[in-house]
Amino acid sequence: MLETYLRRQREKKEILLMTHIVVGYPSFEASFEIVKAMVAAGVDLMELQIPFSEPIADGPVILRANQEVLARGARVRQALAFAERATAAFDIPFLFMTYCNIVYKYGVAEFAAEMSRIGMAGAIVPDLPPEEGTTYLAAMQTHQLAPIFIFSPTTGQERMRMLAGHGRGFIYCVARKGVTGQQTTFSEALEDYLARCRQATDLPLALGFGVKDRSDIDFLRGKADIAVIGTETIRLVDEHGVGAVEGFIRGLQP
Amino acid sequence: MHKRGYYAEFGGAFLPEILNATFDELEAVFEAAKADPDFWPAYQDVMATYSCRATPLTFAANLTRHFGGARIYVKREDLNHTGAHKANNVMGQGLLVKRMGKTRVIAETGAGQHGVATATMAARFGFECTIYMGEVDVERQRPNVFWMERLGATVVPVRNGTRILKDAINEAFRDWVGNMDTTHYVLGTACGPHPFPEMVTYFQSIIGREARRQILEREGRLPKRVYACVGGGSNAMGLFSGFLDDPVELVGVEAGGKGLASGRHAARLCSADASVGVAQGYRTFFLQDSDGQMRETHSISAGLDYVGVSPILANFKQSGRARFEAATDAEVLEALSLTMRREGLIPALESAHAFAQAFKEAPDMTPEDIVIINQSGRGDKDIFTIAEAFEDPAWREFIKHKAEQYDA
Ligand SMILES: Cc1ncc(COP(=O)(O)O)c(C=O)c1O
């Protein structure tokens, strides 16, 4: 189970690292190299984003990656095959990150069954709140997969508790208002927000959106359980190529 | 669990968590406004003194004679301030923005009509205003871009995706999740997450309420059919709202583009290319592939060129309460031409879809039958597209000459 794994890892490390890739970007082969480099650099778990044509919660960098992969004709089943290859090759938990329509069109029950078959740990679907996700929650439950829910700075205490009640594995705390890939200020307000998240749930807390260097992660130590690196690696690959990934991730570790 | 804003299986609110509180606030303000007995009269007063309401219901005597069938009436939404029904929705939402105490509005626009209407409302109410518009639409609707900017709005051309309306909607949502404390997203049609479909329909229902009263005054009986074009579905929902409980056939007309068989169209309710999906925060029929990726759409009219459609209309389609048809670009141009020549009316390309379908059906009806066509907007904004489609030689000379003047 994801939660058990995370708790065990936390006994070894003060803060865990989760990374994100857009599957197929800049190519399927390069994606696989990126995953390999990230695992080698000691990443604890990873999000594999299945591209969608309308990624409304993503900022320009991830949006463009989604669109480039789709423009080359990539299909959902290729992303699933990629994930199957990754789970077979590497011994860390993998999560899907995608949008509701991808899961819905595949068939919610079928998608969960496939995730289970290929050894995925869970999924993050930002446009699927628990209110709309009854079928999804049931399917995830059937296969003991973790539906990851999101807290945001605008989420009230009562709602946080409701979301946590439906979530498994951990809670993804969005650091600020806005989409992915913008500047976040690592400040007292963020600290207060994380304390508020902590009060609402016993699940491990991941903090993402705008985490990009060692000092951000140092700031989060003791306040969150998992630091999430998203946009920054895509930017790095765009600017310096796949070869730059491993060194960058190693540099984030204590 | 409590499910909000469903019309049978369509609708809902598939929102990123960050927007949840914003939607709660919006829903609360909208519910309070609806429950306030002074709100609708105040809204009507704004529309009467600022936007030429009630808009007339015009009897099209010449078209009626031409087709020799049903008596044809035209509901004149083109006479609204800024030239389209979009004004109804925008002024209504503007009143809600005031109630919420926000200071900035954002909007998406396809044809540009909703953008111009929003920029106008922002100028009138003193809000800051940013309009997102697909790059392709910026190209084909330049006159409206010009007006938005003159009205004080910032127009942001969207270069993502298919670079048309749906991509502008995504960008507006991205802006909103960062700025919801000060900003309201004035969604332009009866789509998107709850409460937008209901809220936009509520404001647009002013069209149908008036049309029903007017036809009863004029003819003493109800129409047999009413016709409206369907982009997102706001003008259609507006007109249909007046006749929901009557034995009146509701006909929605989608963009048939180059023909349904060509794949180059925007027909979500009457083509086999569409299927049920969830995107942009709600569940409806989308033009999408088998993976759930949204497809490119095509229409000669930017305002009908959208991948989704109102969940309320999707429900009407499934329940049979409304009938949906498509008119091709070519049929639309022909209907537009005829309407101009016979009646001196210049409908927008969007509205001309409704005319085209009504013209197909009018000859088979009898003079006992009445039909109402919703002229959702006026065609002035389409002058470049229409002149090009008709290959007007004098217009081409004029444009050439203008260009030379600028180069000189
Ligand atoms: C004149 C006019 N009619 C119709 C539409 C289509 O929108 P709806 O279906 O929401 O009425 C538009 C959209 O921009 C428009 O400008």
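When you filter the trypsin sites (Lys or Arg not before Pro) in region B:218-263 for DSSP loop state and at most 16 other Cβ atoms inside 10 Å of their Cβ, you are left with B:Arg221, B:Lys258. A:Arg235: accessible area at probe 1.4 Å, nearest 10 Å²? Result for A:Arg235: roughly 80 Å² accessible. Taken along the Cα-to-beta-carbon direction at a fixed 7 Å, the label points for B:Asp181 and B:Glu388 span 4.4 nm. Short-range pairs are left out: with C-alpha atoms under 8 Å and at least six residues apart, the relative contact order of region B:158-252 is 25 percent.
The residue list B:Gln375, B:Trp395, B:Pro363 was ranked by how far each Cα lies along the charge dipole of region B:327-408 toward its positive end, using unit charges on Cβ atoms, and B:Trp395 comes out on top. Taking 31 Å as the cut-off for C-alpha to C-alpha distance, list the pairs among B:Lys34/B:Lys360; B:Lys75/B:Lys400; B:Lys102/B:Lys166 that go past it. Exceeds cut-off: B:Lys34/B:Lys360; B:Lys75/B:Lys400. Counting 0.36 nm for each residue step from A:Ser215 to A:Thr134 and taking away their Cα separation leaves a gain of 25.2 nm. Rounded to the nearest Hz, the phi-derived 3J(HN,Hα) couplings of region B:353-367 under the Karplus curve 6.51 cos²θ - 1.76 cosθ + 1.60 (θ = phi - 60°) are 4, 5, 4, 4, 5, 4, 5, 5, 9, 4, x, 8, 9, 10, x, where x marks glycine and proline. Positive-end ranking of B:Tyr73, B:Cys52, B:Ala84 along the dipole of region B:50-92, with charges on Cβ about the Cα centre, is headed by B:Tyr73. As a fraction of the 1.4 Å probe accessible area of chain A, surface on carbon and sulfur atoms comes out at 51 percent.
Of B:Gly101, A:Leu70, B:Gly242, which is farthest along the charge dipole of the protein assembly as shown in the positive direction, counting Lys and Arg as +1 and Asp and Glu as -1 at C-beta? Among B:Gly101, A:Leu70, B:Gly242, the one farthest towards the positive end of the dipole of the protein assembly as shown is B:Gly242. Only the Cβ atoms of Lys and Arg (+1) and of Asp and Glu (-1) were treated as charged; on that basis the dipole of the protein assembly as shown about its Cα centre amounts to roughly 560 debye. A:Val174 contributes about 10 Å² of solvent-accessible surface, heavy atoms of the protein only, 1.4 Å probe. The helix-based estimate of mean residue ellipticity at 222 nm for chain A, built from -39,500 (n - 2.57) per DSSP H run of four or more residues and divided by its residue count, is -14500 deg cm²/dmol to the nearest 500.
Scanning chain B for GluC sites (Glu not before Pro) lying in DSSP loops with no more than 11 further Cβ atoms inside 10 Å, the longest uninterrupted stretch between such sites is B:1-367. I need the Debye-formula profile for the protein assembly as shown: one equal scatterer per C-alpha, no solvent, reported as log10 I(q)/I(0) at q = 0.05, 0.07, 0.12 1/Å, two decimals. Relative scattering, expressed as log10 I(q)/I(0), comes to -0.25, -0.48, -1.21. With a simple spin-label model that places each label point 7 Å from the Cα along the Cα-to-Cβ direction, the separation between A:Ala195 and B:Asp364 comes to 7.2 nm.
Amide H contacts under 5 Å for A:Ala123: A:Phe96, A:Ala146, A:Ile148, restricted to partners 5 or more places along the chain or on a different chain, H placed in the peptide plane at 1.01 Å from N. Given +1 at the Cβ of Lys and Arg, -1 at the Cβ of Asp and Glu and no other charges, the dipole of region B:340-384 around its Cα centre is 240 debye to the nearest 20. Modelled label positions at B:Ala61 and B:Ser319, each set 7 Å beyond Cα in the direction of Cβ, lie 4.0 nm from each other. Assuming charge only on the beta carbon of Lys and Arg (+1) and of Asp and Glu (-1), the dipole of region B:1-41 about its Cα centre is about 160 debye to the nearest 20.
Note on A:Thr154: accessible area approximately 40 square angstrom, rounded to 10, probe 1.4 Å, nucleic acids and ligands left out.
The values are calculated or read from the model by the stated rules, or taken from the named source; none is laboratory data. What you see is a predicted model; the values in this text were computed from it and never measured. Please note: Cβ atoms are built from the backbone with ideal geometry, for glycine as well, and neighbour counts cover all protein chains shown. Keep in mind that these areas ignore ligands, DNA and RNA; they rest on the heavy atoms of the full protein, side chains included. Shrake-Rupley method; radii C 1.70, N 1.55, O 1.52, S 1.80 Å.
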